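First the structure, in the form of structure tokens, and then the observations on it.
The numbers here are math on the coordinates, done by the rules we state, and not lab data. In this text the structure is predicted, and so the values were computed from the model without any measurement. Backbone-built Cβ (ideal geometry, glycine too); neighbour counts: all protein chains shown.
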Amino acid sequence: MVILLFGPPGCGKGTQARLILDWFKPRIIPSISTGEMLRAEMAAKTPLGLKTQAIITAGGLVSDDIINEILCARISQPDCAEGFLLDGYPRTVEQAEYLDKLLAARGLPPPVVIHLDVPSHVLIGRMISRRQCPKCGRMFNILTDRPKVPGRCDDDDTPLIVRKDDREDVITERLKTYKEVTRAVLSHYESAQHFQISGDRSAAYIFEEITKILEGIVEGERYQGGGI
Ligand code: AMP
């Protein structure tokens, strides 16, 4: 199964991705966040990280050629042969078309699209109170999902940071990019398995909705003799 978590920045894709992976255990499905991959490149100051850093910190989109190449390399790894979860890709119609070709070439089915829909004013409030663990990527929120020890990651005790692109001016730009470019990707998936969930709810509520969807699909695949 290929799961595509879709929605504006700050809608909770990363949090839900983490919960979904836990739900699938002991089966391991890779979670691929193009944003996390780019942040790792920036932190390591690789040529790709240095090339894309200005765009990312300004809230723009990295070019389709670059991002498609990164994605293709990642999903060509053996752990992706049976399926994977995508968070933050595709963000343009061109990327969605590219993904279609990659999946078809690998004999994988079209993605199950889970769209978390959240109004902009809620997103801004959420993003400015986000804190991230730079080591494991886990997200916290100082208002709604506080770490047990203030300022430190629950999983590995690393000091939490504010992402460079979680500043209010950059957030506004990221939301504009979503509205003007990324939202159009939804119409590309109109005929696919496509589920919309109101993301303006607690993470636990949203996760319950997602598991209902996934349970139905996994059951259906089991009935047909397929894997995840
Ligand atoms: P995210 O963590 O998914 O919010 O991504 C952070 C930033 O990385 C985005 O604001 C973009 O600048 C860049 N980025 C991540 N994924 C993509 C993508 N699929 N296409 C273009 N740019 C991306």
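Where does the stretch 145-228 land on Rg(C-alpha)/(2.2 N^0.38 Å)? Please report the intermediate quantities before stating the final value.
Details: Rg = 18.5 Å, N = 84, 2.2 N^0.38 = 11.8 Å.
Against the empirical 2.2 N^0.38 Å value, I get 1.56 for the stretch 145-228.
Evaluate the charge dipole of the stretch 35-169 about its Cα centre and quote only its size in Debye, nearest 20, assuming +1 on the Cβ of each Lys and Arg and -1 on the Cβ of each Asp and Glu. Mind showing how you got there, number by number?
Values: 18 positive and 21 negative charges, 109 e Å.
The dipole of the stretch 35-169 has a size of about 520 debye.
Beyond a 25 Å Cα-Cα separation, which of these cross-linked pairs lie in this structure: K51/K164; K135/K164; K101/K212; K25/K179? Can you show the working numbers first?
Values: K51/K164 16 Å; K135/K164 15 Å; K101/K212 29 Å; K25/K179 35 Å.
Beyond 25 Å between Cα atoms: K101/K212; K25/K179.
Based on Cα positions only, what radius of gyration and what Dmax would you give for the chain, in angstroms?
According to the Cα coordinates of the chain, Rg and Dmax are 17.1, 50 Å.
How much net charge surrounds E208 when only the other residues with a Cβ under 12 Å from the Cβ of E208 are counted, with Lys and Arg +1 and Asp and Glu -1? Walk me through the intermediate numbers first.
Working: positive: R201, K212; negative: E209, E215.
Neighbour charge sum, excluding E208 itself: 0.
Pop a pseudo-label 7 angstrom from the Cα along the beta-carbon direction at both I66 and I161 and give the gap in nm to one decimal.
Each label point is offset 7 Å from its Cα along the Cβ direction, giving 1.8 nm.
For the stretch 1-112, what is Rg from Cα atoms divided by 2.2 N^0.38 Å, rounded to two decimals?
On the way: Rg = 13.9 Å, N = 112, 2.2 N^0.38 = 13.2 Å.
This ratio for the stretch 1-112 stands at 1.05.
Gaussian network model of the chain, Cα springs within a sub-10 Å range: biggest mean-square fluctuation belongs to which of G60, G216, G49?
It is G216.
Which value at 222 nm does the chain reach when only helices count, each DSSP H run of 4 or more adding -39,500 (n - 2.57), with the total divided by all residues and rounded to the nearest 500 deg cm²/dmol?
After summing the helix terms and dividing by residue count, I get -14000 deg cm²/dmol.
Could you check the spin-label model distance between D22 and K148? Points 7 Å from the Cα along Cα→Cβ, value in nm.
Placing both labels 7 Å beyond Cα along the Cβ direction yields 1.3 nm.
Which whole-number percentage describes the relative contact order of the chain, with Cα contacts under 8 Å and a sequence gap of 6 or more?
Working: 308 pairs, mean separation 68.0, N = 228.
Relative contact order for the chain comes out at 30 percent.
Of S187, S33, how do they rank once you tally other Cβ atoms within 10 Å and put the fewest first? Spell out each step's value before the answer.
Working: S187 10, S33 19.
Final ranking by Cβ density, sparse to dense: S187, S33.
Between the stretch 188-208 and the stretch 1-74, what's the alpha-carbon centroid distance in Å?
Cα centroid of the stretch 188-208 versus Cα centroid of the stretch 1-74: 19 Å apart.
Expressed as a rounded percentage, what relative contact order does the stretch 24-145 have, with Cα pairs under 8 Å and six or more residues apart? Walk me through the numbers before you get to the answer.
Values: 81 pairs, mean separation 27.4, N = 122.
Computed over the stretch 24-145, the figure is 22 percent.
Looking at the chain, send over the antiparallel percent of its DSSP beta bridges, to the nearest 5. Mind dumping the intermediate values first?
Values: 6 of 23 bridges.
Antiparallel bridges: around 25 percent, rounded to the nearest 5.
Treat the count of other C-beta atoms within 10 Å as a stand-in for reagent exposure and order R222, R91, R152 from fewest to most.
Working: R222 11, R91 22, R152 16.
Sorted ascending by nearby Cβ count, the order is R222, R152, R91.
Pick out, from P110, N141, S120, the residue whose Cα sits farthest towards the positive end of the charge dipole of the stretch 108-190, with +1 on the Cβ of Lys and Arg and -1 on the Cβ of Asp and Glu.
Sorting the options by dipole projection puts first N141.
Of I206, L160, Q193, which is farthest towards the positive pole of the chain's charge dipole, taken about the Cα centre with +1 and -1 on the beta-carbons of Lys, Arg and Asp, Glu respectively?
Value computed over the given set: L160.
Just subtract the alpha-carbon distance of D117 and S202 from 0.36 nm times their residue separation and send over the number in nm, one decimal. Kindly include the intermediate steps, with their values, before the conclusion.
Details: separation 85, 0.36 × 85 = 30.60 nm, distance 1.29 nm.
Difference between extended and current length: 29.3 nm.
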